[in-house]
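This report concerns only the one structure given below.
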There are 2 protein chains.
Amino acid sequence: MYDTIIVGAGVAGLGAAMYSGRFGLKTLLIGETMGGTIILTDTVENYPGFKKLTGMELADKLKEHALEYDVEVKEQKVVDIEKKEDGFVVKTAKEEFETKTVIYATGTKVKKLGAKGEEEFSNKGVHYCALCDGPVYQDKVIGIIGGSDSAAKEALLLTQYGKKVYIIYRKEKIRPEPINAERVDKNDKIEIINNTNVVEIKGDKFVESVVLDKEYKGSKELKLDAVFIEIGHIVLTDLAKKLGVELNKKNEIIIDREAKTNLSGFFAAGDCVDTVFKQAITGVGEAVSAAYSAYQYVK
Amino acid sequence: MYDTIIVGAGVAGLGAAMYSGRFGLKTLLIGETMGGTIILTDTVENYPGFKKLTGMELADKLKEHALEYDVEVKEQKVVDIEKKEDGFVVKTAKEEFETKTVIYATGTKVKKLGAKGEEEFSNKGVHYCALCDGPVYQDKVIGIIGGSDSAAKEALLLTQYGKKVYIIYRKEKIRPEPINAERVDKNDKIEIINNTNVVEIKGDKFVESVVLDKEYKGSKELKLDAVFIEIGHIVLTDLAKKLGVELNKKNEIIIDREAKTNLSGFFAAGDCVDTVFKQAITGVGEAVSAAYSAYQYVK
């Protein structure tokens with residue numbers, strides 16, 4: 001019987017594990033990918049204390065810090081969580097574990113565009129991670145779909161590889177953080193196509209063009225060699241919902257300032273909760289509160 | 001006219017400044033002591049990402065990070081804040097500044113014991129910071145008053161200098177984090193005197209003993225060379241209270257999950273707010289939320 005099982009090994013899960021270990025709780029951290037989605041990020045310059053590092057480096061630091069303490073780790077996917085009278089049973093495909101409390105920090109997965117050709121050309125010019133898949137497009141023409149801060153950062157990164165980067169955004173104006181907006185403005189390789197949707201991705205063996213829902217420079221077809229889709233994330237809260245944990249309209253888990261949910265002994269933190277401004281640092285802060293709440297609950 | 005003035009330059013204020021700078025807000029950070037109370041801490045091993053560093057080192061890292069951005073800094077004490085129709089006026093003894101928003105991150109100051117002799121022997125054997133004043137008590141007998149995690153950490157630090165360290169605590173059992181409780185238990189130099197108050201601090205030129213309110217090993221007088229008082233902190237929320245900002249019973253500022261107070265344009269974060277489990281990391285997380293809320297407000 002564990003005192004707490006942390007579901008998800010992203011920055012929030014790792015932060016929770018470190019504190020849970022410090023508290024002397026019998027702790028198991030289960031996650032598919034150590035570090036979570038931040039490892040797909042090239043440059044992190046907004047985790048206070050580190051001026052600039054890669055997502056992978058930050059994840060490694062948080063992991064090393066957590067492993068300073070007596071924390072068990074399993075790199076597996078949690079497929080179900082059941083409520084028992086005196087706690088929870090957390091199940092992976094291979095094993096199951098009993099625990100008094102759960103800290104749920106599953107985060108998100110990338111959202112698909114849903115355009116024709118997206119599946120067919122997946123990994124053949126259709127990608128979801130500039131850092132992972134950008135480097136092969138040296139001197140090529142690249143499109144990025146989306147208008148968020150993440151999309152702008154991905155576009156900036158892709159200018160290191162491609163000779164031209166189109167940002168294609170369905171709304172009127174992209175909305176990065178001001179500092180990234182300025183960088184995009186100053187970058188000659190980037191061209192922004194606003195108020196436009198991609199309705200189809202075309203090619204032969206690899207992507208050759210995208211079809212837009214309105215003309216751009218006289219044509220609805222835009223020639224390019226790759227499309228990176230960065231239109232947001234889907235929160236991974238299905239297992240929590242099934243347990244009766246309260247979600248908001250965006251399917252995010254509703255927590256209070258102590259990272260408590262409506263379900264006793266079940267705490268949550270990070271990208272899967274209802275925080276308005278989600279950052280690595282706010283997720284880690286919530287995770288630390290969650291670890292404390294779990295400690296208080298067990299004690 | 002600033003977009004935001006951050007009052008307090010501890011870890012929360014520095015975290016807020018970095019994000020505020022990133023957001024492109026015209027930002028002024030005012031504080032008496034760069035780094036705030038954490039610079040009095042010898043070992044910080046619970047700021048996720050840094051396994052172990054001194055409080056001063058952490059403060060320096062946060063400060064350097066903030067100064068990567070366009071942030072003005074004044075090392076002054078804020079003596080008053082006034083509400084104006086379109087914002088606030090923040091006053092120091094020398095200058096005053098106008099701002100659209102305030103991020104209030106003043107933190108706390110140390111609590112005095114109130115015992116006879118405390119003032120008289122201040123800095124002559126009565127101290128409030130083991131890291132600052134401990135090293136002169138090489139091979140001496142030291143008392144520490146208090147039972148919190150901070151008190152335990154101070155006691156552990158003092159064992160590096162003194163030959164004997166008494167922890168004198170008014171309640172039944174000291175209540176450090178488990179990991180520090182274990183370290184205290186294992187340390188032969190530490191002796192704990194529970195259920196006991198210090199009613200007087202005595203000496204000639206320097207501290208020579210304390211008077212207890214009950215006998216310990218047959219005497220109410222305990223010979224020692226120094227007393228470190230670590231009985232908690234007073235939240236510095238007077239200026240906020242005067243403005244009509246809502247406080248709880250502990251005089252902490254009540255914030256929501258976006259670091260908003262009841263007063264429009266006035267945000268708060270860190271040790272001066274009503275967070276249950278206050279840590280450097282949770283304060284910085286709140287500060288980042290406060291910077292975002294200020295940015296949204298100004299925009």
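Report yes if A:Leu239 is in contact with a strand residue (DSSP E or B) (Cβ under 6 Å, 6 or more places away or on another chain) and open to solvent by 10 Å² or more (accessible area, probe 1.4 Å), otherwise no. Yes; evaluated as a whole, the condition is true for this residue. Say whether the condition of being open to solvent by less than 40 Å² (accessible area, probe 1.4 Å) and over 22 Å from B:Leu222 (Cα atoms) is met by at least one residue in segment B:146-157. Yes, the conditions are met somewhere in segment B:146-157. The residue list B:Val273, B:Val235, B:Val245 contains one member that is modelled with pLDDT of 95 or more and more than 30 Å from B:Ile145 (Cα to Cα), which is B:Val245.
The C-beta contact set for segment A:132-160 (first residue touching a residue at least 60 places away in the same chain (Cβ under 8 Å) and under 19 Å from A:His233 (Cβ atoms), second residue among the basic types (Lys, Arg) and assigned to a helix (DSSP H, G or I), distance under 8 angstrom, 6+ apart or interchain) is empty. On inspection, A:Lys217 fails the criterion of being surrounded by fewer than 14 Cβ atoms within 10 Å (Cβ to Cβ), free of Cβ contacts under 8 Å to residues at least 40 places away in the same chain and closer than 26 Å to A:Gln279 by Cα. Taking the criterion of being over 25 Å from B:Glu177 (Cβ atoms) and in contact with a helix residue (DSSP H, G or I) (Cβ under 9 Å, 6 or more places away or on another chain), the residues of segment B:258-270 that qualify are B:Glu258, B:Ala259, B:Lys260, B:Thr261, B:Leu263, B:Ser264, B:Gly265, B:Phe266, B:Phe267, B:Ala268. Within segment B:6-24, identify whether any single residue is more than 14 Å from chain A (Cβ to nearest Cβ) and in contact with an Asp or Glu (Cβ under 8 Å, 6 or more places away or on another chain), and answer yes or no. Within segment B:6-24, not a single residue is more than 14 Å from chain A (Cβ to nearest Cβ) and in contact with an Asp or Glu (Cβ under 8 Å, 6 or more places away or on another chain). Scan segment A:109-163 for residues that are within 17 Å of the chain's Cα centre (by Cα) and in a loop (DSSP other than H, G, I, E, B) and jot them down. Matches in segment A:109-163: A:Lys111, A:Lys112, A:Leu113, A:Tyr128, A:Cys129, A:Gly146, A:Gly147, A:Ser148. Annotation: A:Leu29 fulfils all but one of (1) within 30 Å of B:Met56 (Cα to Cα); (2) open to solvent by less than 10 Å² (accessible area, probe 1.4 Å); (3) not charged (D, E, K, R); the unmet one is (1). Could you please let me know if A:Lys278 is open to solvent by 10 Å² or more (accessible area, probe 1.4 Å) and under 30 Å from B:Asp70 (Cβ atoms)? Judged against the criteria, A:Lys278 is a match. Residue count for segment B:64-87 satisfying the condition of being touching a Gly at 6+ places or on another chain (Cβ under 7 Å) and not acidic (Asp, Glu): 5.
Within segment A:129-142, the set of residues being open to solvent by less than 30 Å² (accessible area, probe 1.4 Å) and closer than 21 Å to A:Lys109 by Cα comprises A:Cys129, A:Ala130, A:Gly134.
Listed here are the residues, each with its yes/no results for (1) in a strand (DSSP E or B); (2) within 24 Å of the chain's Cα centre (by Cα); (3) within 14 Å of another protein chain (Cβ to nearest Cβ).
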| residue | (1), (2), (3) |
| --- | --- |
| B:Asn180 | no, yes, yes |
| B:Arg183 | no, yes, yes |
| B:Asp188 | no, no, no |
| B:Asn195 | no, no, no |
| B:Glu200 | yes, no, no |
| B:Lys205 | no, no, no |
| B:Glu208 | yes, no, no |
| B:Lys214 | yes, no, no |
| B:Glu221 | yes, no, no |
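Among residues of segment B:242-255 being open to solvent by 50 Å² or more (accessible area, probe 1.4 Å) and either assigned to a loop (DSSP other than H, G, I, E, B) or not assigned by TED's automatic domain parsing to the domain that holds B:Phe277 (or both), the one that is nearest to A:Asp256 (Cα to Cα) is B:Ile254. Scanning segment B:34-65 for residues that are over 23 Å from B:Ala155 (Cα atoms), within 7 Å of chain A (Cβ to nearest Cβ) and open to solvent by 50 Å² or more (accessible area, probe 1.4 Å) yields B:Lys61, B:Glu64. Looking across B:Lys173, B:Lys202, one residue alone is surrounded by fewer than 18 Cβ atoms within 10 Å (Cβ to Cβ), touching a strand residue (DSSP E or B) at 6+ places or on another chain (Cβ under 7 Å) and either aromatic (Phe, Trp, Tyr) or more than 30 Å from B:Thr106 (Cα to Cα) (or both). It is B:Lys202.
Checking B:Glu68, B:Glu75, B:Glu98 one by one, the residue that is facing chain A (nearest Cβ under 10 Å), more than 29 Å from B:Leu156 (Cβ to Cβ) and either among the small types (Gly, Ala, Ser) or open to solvent by 70 Å² or more (accessible area, probe 1.4 Å) (or both) is B:Glu68 and no other. Restricting segment B:271-299 to residues that are under 24 Å from A:Glu177 (Cα atoms) and among the small types (Gly, Ala, Ser) leaves a set whose member that is nearest to the other protein chains (Cβ to nearest Cβ) is B:Gly285.
Condition check ((1) in a helix (DSSP H, G or I); (2) touching a residue at least 40 places away in the same chain (Cβ under 8 Å); (3) assigned by TED's automatic domain parsing to the domain that holds B:Ile39; (4) in contact with a His (Cβ under 9 Å, 6 or more places away or on another chain)) across all residues:
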site	(1), (2), (3), (4)
B:Arg257	no, no, yes, no
B:Phe267	no, yes, yes, no
B:Phe277	no, no, yes, no
B:Val284	yes, yes, yes, no
B:Ser289	yes, no, yes, no
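Restricting A:Val73, A:Val79, A:Val136, A:Val126 to residues that are in contact with a Ser or Thr (Cβ under 8 Å, 6 or more places away or on another chain) and either hydrophobic (A, V, I, L, M, F, W, C) or under 21 Å from A:Ala291 (Cα atoms) (or both) narrows the list to A:Val79. Just to be sure, is A:Asn194 of a type outside the set (Val, Ile, Thr), in contact with a Lys or Arg (Cβ under 9 Å, 6 or more places away or on another chain) and open to solvent by 30 Å² or more (accessible area, probe 1.4 Å)? Considered against the rule, which asks whether it is of a type outside the set (Val, Ile, Thr), in contact with a Lys or Arg (Cβ under 9 Å, 6 or more places away or on another chain) and open to solvent by 30 Å² or more (accessible area, probe 1.4 Å), A:Asn194 comes out as yes.
So, A:Phe228, is that one away from every other protein chain (no Cβ under 14 Å), surrounded by fewer than 18 Cβ atoms within 10 Å (Cβ to Cβ) and among the aromatic types (Phe, Trp, Tyr) or not? Taking the combined requirement at face value, the residue does not satisfy it. Among the residues of segment B:24-37, at least one is outside the structural domain of B:Leu158 (by TED's automatic domain parsing), more than 15 Å from the chain's Cα centre (by Cα) and under 30 Å from B:Ser150 (Cα atoms). Here B:Glu119 fulfils each of the conditions (1) free of Cβ contacts under 8 Å to residues at least 40 places away in the same chain; (2) open to solvent by less than 10 Å² (accessible area, probe 1.4 Å) apart from (2). Residues in segment B:47-68 that are modelled with pLDDT under 95 and among the hydroxyl-bearing types (Ser, Thr, Tyr): B:Thr54 only.
The values are calculated or read from the model by the stated rules, or taken from the named source; none is laboratory data. These numbers come from a predicted model, not from an experiment. Positions of Cβ are generated from backbone atoms using ideal geometry, with glycine treated the same way; all protein chains shown enter the neighbour counts. Areas reflect the complete protein model, heavy atoms only, side chains present, ligands, DNA and RNA absent. Shrake-Rupley method; radii C 1.70, N 1.55, O 1.52, S 1.80 Å.
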